[in-house]
Each structure stands twice: as C-alpha cells, then as structure tokens.
Protein chains: 2
Amino acid sequence: MAEAAAHSAEHRLADGSIRIDFQTEPSGYRHWRLAVDGDIATLVMDVDEKGALFDGYDLKLNSYDLGVDIELADAIERLRFEHPNVRAVVLRSAKPRVFSAGANIRMLAGASHAHKVNFCKFTNETRNGIEDLSENSGVKTICAVNGTAAGGGYELALAADYIMLVDDGAAAVSLPEVPLLAVLPGTGGLTRVSDKRKVRRDHADAFCTTEEGVKGKRAADWRLVDEVVPGSKFDQAVMTRAQEFAARSTRRGDGPGIALTPLSRSFAADSVNYGLLGVEFRRAERIATMTLRGPAAPPPTSADGMLGLGAAFWPLQLARELDDAILHLRLNELDVAAIVFKSAGDPAQVLAYDAFLEAHQDHWLGHEIRLLWKRVLKRIDLTSRSLVTLIEPGSCFAATLAELVFASDRSYMLIGNREGDNRPPAAIALADANFGAYPMSNGLTRLGCRFLANPSDRDAARARRGKMLDAETAQELGLVTFALDDIDWDDEVRVFLEERASFSPDALTGLEANLRFAGPETMESKIFARLSAWQNWIFQRPNAIGDEGALKRYGTGQKPIFDTRRV
Amino acid sequence: MAEAAAHSAEHRLADGSIRIDFQTEPSGYRHWRLAVDGDIATLVMDVDEKGALFDGYDLKLNSYDLGVDIELADAIERLRFEHPNVRAVVLRSAKPRVFSAGANIRMLAGASHAHKVNFCKFTNETRNGIEDLSENSGVKTICAVNGTAAGGGYELALAADYIMLVDDGAAAVSLPEVPLLAVLPGTGGLTRVSDKRKVRRDHADAFCTTEEGVKGKRAADWRLVDEVVPGSKFDQAVMTRAQEFAARSTRRGDGPGIALTPLSRSFAADSVNYGLLGVEFRRAERIATMTLRGPAAPPPTSADGMLGLGAAFWPLQLARELDDAILHLRLNELDVAAIVFKSAGDPAQVLAYDAFLEAHQDHWLGHEIRLLWKRVLKRIDLTSRSLVTLIEPGSCFAATLAELVFASDRSYMLIGNREGDNRPPAAIALADANFGAYPMSNGLTRLGCRFLANPSDRDAARARRGKMLDAETAQELGLVTFALDDIDWDDEVRVFLEERASFSPDALTGLEANLRFAGPETMESKIFARLSAWQNWIFQRPNAIGDEGALKRYGTGQKPIFDTRRV
C-alpha cells in the first residue's frame, strides 16, 4: 500500500494532476499487441475500454486517447530498433466489425484546450513516424479495415501505405467530424485525403460531410482506399499483400535488434534527471533549462561495438532522453515559457560520434539513430515554447547537437571566458550531418532554411565543417544570433528571458510557428500549419466547445445550437 | 434632408448596421491621393483622422481601417485600367515623421471577430494585388518610409518591391504586435519577412519582439529594408529609384486608359442587382444565389472595339460586379451559409469572348482583364462560404465562367431537360483559359489542382476544349461532381443546401480552407493558411481579446493579464 502510494506520487505532478508518461513497453501495453512473424509484423488494436488515461470516459469501439497513442508510438519505435528484420506491418483491429471509432469524443469534450492541441500534435507525429518508417526505413504498412474506420480511425489508416477495406455492405471509412462534432479531423485526415491520396476536392467535400462515410466500390473509386475485398477472402488477401510488400521492401536490417531498455529517469519537484540530460525548472521565471551531456568516451570502433552498446550508445540514449523530456514539457509543464538549451562536454568527441554515424549510415542501426534524431529535432521545431541556445565555455554544440542552435528562435554565444574560468572559450562545430541528415518538416535543412536569402552563406558554413568556430567567427558566418562578451551576457540573456515570459503565450506560439518555417511547405508541414492552425481555431469556437456546441452536446440527444455567422 | 435620409437608408443593412461599400473613386477618397506624372504614380497616404468607417476611434498617425484600405485597393485598380502608362509607383505618407501606425488598434479592439478576420483577408488581398501589379503588370512599387512604419504600416511597405527608409536616428520599421497587442501582424507581415525578404529567422524573431523596431544600418543589414538614406537626400533618392524602376518596367500599356465608371447596382431587402449579375437571398435557408449573365452580343472585332466599350466590355463589367458582390457578401451578409452560382446565356458567346481575350492577351487591356478575373476567382476561393455551382439548361458555364464550377466545393449538372423546357440540355465548355490563365493562390490552375492524382485526366479534359460537353460527358471527364436527372435533382440539391446550413459554420470554414488547396503552398497561400489561421486562433484567445487581454487594455495604462499556459 505504501509502495502503491509512492508509485502514485511519482506519477503525479506538483499540483496533484496526473503526470502523463510517454514511456512504456510491450509487456505493459493495454491497448495494442505487437506480434512479429518472420519479416511481417502485426499491430493489433484492441483498446481496453477501462484503460483510459483520465476519468470520465470509456474507450469503447477502439476509440483512443493519448494513452493509446503512446503505446502505438512505442510499438513503432520498437519495430525500428528491436525488429530490424521486419519489412511490412499490418495494422488491424481485434474488435469485430469495427476498426476504430477514432479519438474518444467524451475525452475531447472534457479535455482542456491545451490538452486537445497537444494530443493532436502527438498523434500527428506518430502518424508521420509511420510514414517515415515506410519512406526512410522501407517498412511498408498495410491497414486492414475490417469494419468501421471513423474519424481518427480512418486517419490512422491514412498513415498506412495501403488501405484494404472489407466489402460486406457495412464496413465504411468516414471523417464525420464536421457533421457530427463541428470540429475537423484532427490528425492529418484532410491533408492526407487531399495531398497524399489526392482525392478530388469535390469528392473529398462529399466524403467529409457524410456522417456514415463511404463504403465498397465508391470508396475505391474515390481513392479513399486502395482495395475492397469480400469478407471471406479478406484475411488471406491482407496476408498476401503483406508478403508482397515485404518482398519489395528495401530495408537492410538483419539479425537481432537492440533492446530499447527503460530510460533512467528521476522526477523531482523542480527537475528531471536522465542519464545524459538534466532538466531544471526555474518556475518563477517560467524557464526550463535542458543540459545535454556529451559523450564520456570515444565512439566504438565498429558497428558491432555500437550494437553491443545498444540503448546505451551515446547518440541513441541522448535522443531518447531528449524526446521524452520534450514530450514531458509539452504535456505536463504547460507553464514553461522558454526552453534554454545548454550542453556540457567535448565538442571534438561529439564530432567523433558524428563521424562514426556518418561512416555507419548504411548500417541499419546507424541509419535508425539518425532518423530518430531527425524526428526528435522536428518535435522540437514543433514545440510551442520559445527556444534559446546558450553557448558557453565547456559546451559541446557540435554536429548533431549544433542543430539545437539552429532549431532555436535565438542563440547567444559567449566571446572569450568568464573571469576565473580557465576552460577554452566556447566553440561550435559543423559536420556533414548539418547539411542533409536532419530536414525539418518543410523539407529543408535548418541551415538551408536559415540561409534562404543567400545559399552561398550555407556553403560558406559548410566549407568550415570540422573546425572549431569561436563566437565571433560563428556570428560572422551567421550561425548564432548574438555573440556577446562577459560584460553584456547576463543582462542580455536575462532581458530576453524576461521578455519571453512577459509576452502573450498565444501570440508567441503563432509567431514562432510562422518564423520557424520559411520557404516551402510539404504535406507534413501543411498538417502542422494550415490544418492544425485551423483546427486549433475551431477548438476555441463556441460552436464546437460551448455549452450548446456540438462537442459538448454529442450523445446527449440535444442538438447543438450554432452561431450561424460565417467567419 | 429627405434625400440625406434616403441616402443613409441605402447605405444601411436591414438590421440597421452600416453596409460597408467597396465602391469608391479618386474624387471621393478621404485618405489617399493618387497623382500621376508621366510614367510614375505617387500614392500619398494622408489618413483623415475623422474619416473612420465606424464610430469610436480616430485614425491617428496614418492608422487605418477597412475604409482606408478600400480606397487603396481602388487606387491600385485604377492604376491598372485608367493609367496604362504608369510603370512605377511610389507609396508615401503626407504625415511628418510617420509613414503609418498600421491597423487602428481601437478599431481592432472594438471589432467583432468576423470583422477582424474579413478585414485582414481584404487587406491581404490588396497587398497581394500590389505584388501582382509588379509581377504580372510590370508596375514596380517603391515604398518611401519617411518615419515610423509600425505593424500594418510596415506590412504595407513589405508589399512593395523596394523599401527605402530615411536615416534620421528616429525612423524605424517595426512589427510590435506580439509585444504590444498579443496578436500577430495580420496582413502577411511574418510571411513576407520570412519568405519574401528572407530575413534570417533569429533576426526576424528579434525584430518581431522589439516594440520600437529596427532603424538605420541594422534595418538594411537584416534585410528589413533595401536602402537607408539620409533625410536630406531622401526625396531625391526616392525619385531617382522610381525613374530607374520605371525605365526597367516591362509594362506594355500605352495611350489613355479606360474609365472604371461606377457600377450600376441596386440594393433591395433580399437582392442586389447589377447590370450582369443578380444576387438573391433566401434568408430562411441562408443561401445566396448569384446568377451571372452571359454576353448579349458578340465580342468586338478589334482591340479598339474593346477599348471603346471600356468598363462596359462584358468580361470586365462582369468581373467587377462579381468582385463587388463577393465582398458585399463577405462583410455585410455574414449569415449566408452557401453561395449558389448559376448562369444564363449562350455558352458559345462566352467562348467567343474568351477567344477574343486569348487573341488579345498581349494587349494591355486584355491582359489586365484576365488578371482581374484571376484575382476575383482567387477571392472566391478564399471566401468562407460553401460554394456550389448548379449547371442547368440555359446556363453558360464556358471558359472563364467554367472556373466557377471548379472553384466550387461541389457542382451539380442536370442531365437532359425538365418537362416543358424546350431549351437544349445544359452544356459546359472549356477553353485555353482554364489551363493557365487563372492560377489559384497555391500556384496551380483549378483543373491542375482538381486532377492532382492523374494529370492525364487534365490532359483529357484539355483535349475537349471548345466542345459543348453534356452532363454525362462532363461527369465522365471529372469536371462536375454529380450529374443528375430531373427526378433526383431537386431532392439532391435541397438536401445538400440544407446540410450546409445545418453544419457548424466554423467547421465548414476550416474544412473548405483545407480541401480547396491541395498540393503546393506559395507565399501567398501561406499567408492565407499558416499565418491567417494562426492569427484567427489568436484573435479568439482571451490573452488578446479578453477583458484583461492586451488588445482590450492597450492604451488604458493597465497591463494585460495573461493565462501563462503555452498551448
């Protein structure tokens, strides 16, 4: 009993609310089963009605909440690292005649605005991760829709490469959010319908305004699914397609994977400590400082050495910890205005690890670690907190870690030393990874996006890769925002952080979401821009969330009452 | 006195509120002066403090409201049609040491959400029009910033090709919305800073969070302006640049222009009637039906004939009327859920006019008429009402008018005739104009966007241009959504319109804003998507518009109180 209480305290925040935990593992899944058979994995969605993350709703009909999606995201990561031999994945449901009813409506109706927004952001990232698994790791996904796939259920299917729908006169795909709930499909559905599946816009309009959705031949004719199969042949057809996809896979993985062992973490009132990452909260100032630690030892000398280290391999461990910390901040620490990135270590060692990964980028594990960093960095780009990197003596913002400098809204770099500090002045260093390995969601590298005006500036920076660049050089090359000496540093940084805490959080979210993504848009960035921004707007409108709004009145038997003005 | 009262009634809506009128002419301007000297025009902003559109605020320091922007938009149109010899435009202020303080804050604080959104949409379209004038008509714009250009004032400058800032130690450009008002710059500022002027993102972050803005050399170094000039040399430098730009202009216009004579309009309780366009309101059903009338006579036989007709030339008259009607609906008829497009006339005549315009596309007037249609159609794409086209016997949706079919969320086409109707069955017809002349804001033609999945479908449609396509053929080619016979027509159309009126207006706005724009994004579409959707969200948030929010408290001496949660 005492232990249960202790456990419970560990899982609560200072204010008593539940700490949402993004760490799980297959033995702890309540909603999914991951089975691997040769080169084909099956991910079975079997949501435990009583396993909701919060009180007040049951997860009926494979409806989901953030807890369900955390398990899905975990399973996808494990396919990458623990099952390098898997070449195709079948997503299916264990519920008869139901694939998934989508995001739980009662959960959405009761959730805070911030939770809804962050829930959608995370589920979007998970689905982007499924597509990345296909595009960059060669693991093709088939979604076997055995019945109703409504709203978020169909949006999950849309993340797959290939959607198969049973043809039994009842099974249908639908996006009934607009007619039923007065909101948009929140997990990329509209953009994937228009931009991935390229459904004609008038068909998409008819589809998205039809509560009961579309079934059978029309679903295929309108490009909403790839194949419609009679019920008697469905399971066999799914397996045949999975084998075909696996056979065509370009995945290079082989042999046993590595175990994604539990992260070493400890939560305290004003800090979270990981093995390689410390997070400290200065709550009065609304600042979280993340200090990333560089490697303690040189990289291994071979791929086998990397495999042997497994989850303890420095770049992998740090990426997983950073990802968990960002998600923790997003969902559990809403009051943090700004994240300050710092680092401690030897930049030469970081460069050495990057050279190792560069040399082993064709090894399945090296490849997956780079892809993980790419996704973690994208998650940072999409985090609605002001981001600043402070580059001081003793820091190691080199190569992959230098991406944090470029992901930040601003960076400050100290010129020279502080009195009494004998360490060498701060230096940053670039590597090949900064010029291609980590595209943002708009398809550009951070340096490509930064130097949109003059690509030659990017090339000038590129020519200096491998060199230790001091503050003045870094500023001259346009790599940091402000290079300051000891006299100005404290005031400048303090004023910046005070400003960020004093401005409207919403205005900053909008400002940063615009300035971080200059240049082109991709399907992915459109989901986080055009689609999500509109959805967030609708999530604020009384027609959806007011007491007479559709989200609140759904299932009550009362019709919603709308303000009829079109805006 | 009686006449004044009658005049006043004509300018009010049924509910007594002011009808915002988008028609004006230079002699009626209160805020701008348009002067033309040879090939250089000067547009002088000299806002009349007492000339606000609504009560409750004064337009101090060249701040503006929608009324000011309606004059600007009108002036730009007149440069196109009435002054074909103009090759460069100088935008300047008549106020000493102030260019413009931007959108009036008291106006924003008092305006309804719908007004704010539509105000920003219109001002964005006006600025896009200035850029279109440069890009497609060869009229280059110089903005002479003689003092403070804050917020919307700087955003107006950003629409110019070249920004000149006086260097007097005080003049500065700024986007102080985030720190001062807790909103975003609402007229494309962030996107133009990042995507047009390609300001480095950390510089942009610093700029947009600095109330007082940036002046002098730093403004040029950060790419915020193109040139900084000492006060004593400013006027001369501006004129020199204007002459240089005019000399490099590719504009082909010559000789006198045509007069954009006042539109013939009459407003009644449930209709607006123009010469070639009728708008009828079925208020109980929340529907506006727009019926466009085809040409009554064949096109002229020469460019001189077109010039002689001037504003009465069928395509020009209809485009101006349609533009005015759409703007009237947007701002004055908020309760309209859906716009139904109908047409009446001979499709062969419409094709003939399109062939005429195609043949005269290199004539300055033919060119400008095509560009006007492009902008009107874009305005329709961006109108937050459900759009449907009904194609029935007697209609003339051919060539340019067929774009309304493709701009609509859905189209219905009648197969055959109705009993007792001896007219030939409905036909639509395509022309070259449907395959290039009218790109959407995302850069694609409507048919290119429609057939994103299979460009060969677009080519198949193209091969049939000039042919009268009946309903079944049009459906087979994918040009209409549903081809229906007389038996199904009434019910299907009625159900569709009832549905649209029953759904949440906000959800429909979000749905349509996403489904209408498949494929790439451009700077222009980013402004209407990423930027505007975020801005609309912020315009709903208590941190901006609540009683303790920044927009409400600005100028009261009380600091705003923010909900500090980052979302």
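What does the accessible area per residue of the range B:440-567 come to in Å², with a 1.4 Å probe and no ligands, DNA or RNA counted?
Values: 4950 Å² over 128 residues.
That works out to 39 Å² for each residue.
Rounded if a/c is under 1.5, else prolate if a/b is larger than b/c, else oblate: which is the range A:69-218, with a ≥ b ≥ c the root eigenvalues of its Cα gyration tensor? It comes out oblate by the Cα gyration axes.
Which whole number gives the average, over all residues in B:521-534, of C-beta atoms from other chains lying within 10 Å of the residue C-beta? Don't jump to the answer; show the numbers that get you there.
On the way: counts 9, 2, 2, 0, 3, 10, 1, 1, 7, 14, 6, 4, 12, 15.
That average works out to 6.
For the segment A:539-546, counting C-beta atoms of other chains within 10 Å of every residue's C-beta and taking the mean gives 5.
Ignoring solvent entirely, what values of log10 I(q)/I(0) come out of the Debye formula for the range B:374-458 at 0.10, 0.15 Å⁻¹ when each Cα is a single scatterer? One equal scatterer on each Cα of the range B:374-458 leads to -0.27, -0.59.
Before we go on, tell me the buried accessible area for the B/A pair, both chains summed, 1.4 Å probe, in Å² to the nearest 100. Could you put the intermediate results ahead of the total?
Numbers: alone 23820 and 23830 Å², together 39350 Å².
Buried: approximately 8300 Å² between A and B.
Each principal axis of the Cα cloud of chain A was taken in turn, and the coordinate range along them, longest first, works out to 77, 60, 55 Å. Considering all different alpha carbon pairs of the range A:112-156, the Kirkwood hydrodynamic radius works out to 12.0 Å. The peptide list A:335-342, A:230-237, put in order of mean Cβ contacts within 10 Å with the highest first, becomes A:335-342, A:230-237.
Scoring A:264-277, A:379-392 by mean Cβ neighbours within 10 Å over their residues and listing the highest first yields A:379-392, A:264-277. Among B:477-488, B:252-263, B:448-459, B:161-172, the peptide with the highest mean count of other Cβ atoms within 10 Å heads the list, and the full ranking is B:161-172, B:477-488, B:448-459, B:252-263.
With the simple spin-label model, which puts each label point 7 Å out from Cα in the Cβ direction, the residue A:239 to residue B:344 separation comes to 6.6 nm.
Scale the Cα Rg of the range B:487-532 by the rule-of-thumb value 2.2 N^0.38 Å and send over the ratio, two decimals.
On the way: Rg = 15.0 Å, N = 46, 2.2 N^0.38 = 9.4 Å.
The reported ratio for this selection is 1.59.
Of all beta bridges that DSSP places with both ends in the protein assembly as shown, some 35 percent have antiparallel geometry.
The fraction of accessible area contributed by carbon and sulfur in the protein assembly as shown is 50 percent, rounded to a whole number (1.4 Å probe; ligands and nucleic acids excluded). All other residues whose Cβ lies under 13 angstrom from that of residue A:335 are scored, Lys and Arg at +1 and Asp and Glu at -1, for a net of +3. Out of all Cα-Cα pairs in the protein assembly as shown, roughly what percent, to the nearest whole number, are more than 39 Å apart? Of all Cα-Cα distances in the protein assembly as shown, 50 percent exceed 39 Å. If R0 equals 45 Å, the separation of the Cβ atoms of residue A:266 and residue A:463 corresponds to a calculated FRET efficiency of about 0.55. Of the residues B:28, B:137, B:396, the one whose Cα sits farthest toward the positive end of the charge dipole of the protein assembly as shown, with +1 on the Cβ of Lys and Arg and -1 on the Cβ of Asp and Glu, is B:137.
Any of A:121/A:552; A:342/B:552; A:140/B:198; A:140/A:559 with alpha carbons more than 32 Å apart? Name them for me. Could you put the intermediate results ahead of the total?
Numbers: A:121/A:552 22 Å; A:342/B:552 38 Å; A:140/B:198 38 Å; A:140/A:559 43 Å.
In this structure, A:342/B:552; A:140/B:198; A:140/A:559 exceed 32 Å between Cα atoms.
In deg cm²/dmol, rounded to 500, what helix-only [θ] at 222 nm does chain B give when every DSSP H run of at least 4 residues adds -39500 (n - 2.57) and the total is split over its residues?
On the way: 22 runs with 222 residues, N = 567.
Helix-only estimate at 222 nm: -11500 deg cm²/dmol.
Over all distinct Cα pairs, what is the inverse of the mean 1/r for the range A:412-537, reported as the Kirkwood hydrodynamic radius in Å?
Values: mean 1/r = 0.0588 Å⁻¹.
One over the average 1/r among Cα pairs gives 17.0 Å for the range A:412-537.
For the segment B:377-388, counting C-beta atoms of other chains within 10 Å of every residue's C-beta and taking the mean gives 1.
The values are calculated or read from the model by the stated rules, or taken from the named source; none is laboratory data. Note that the coordinates shown come from a computational prediction; the quantities given were computed from them, not determined experimentally. Cβ sites come from the backbone with ideal geometry, for glycine too, and all protein chains shown count toward neighbours. Ligands, DNA and RNA are excluded from the accessible area calculation, which covers all protein heavy atoms including side chains. Shrake-Rupley method; radii C 1.70, N 1.55, O 1.52, S 1.80 Å.
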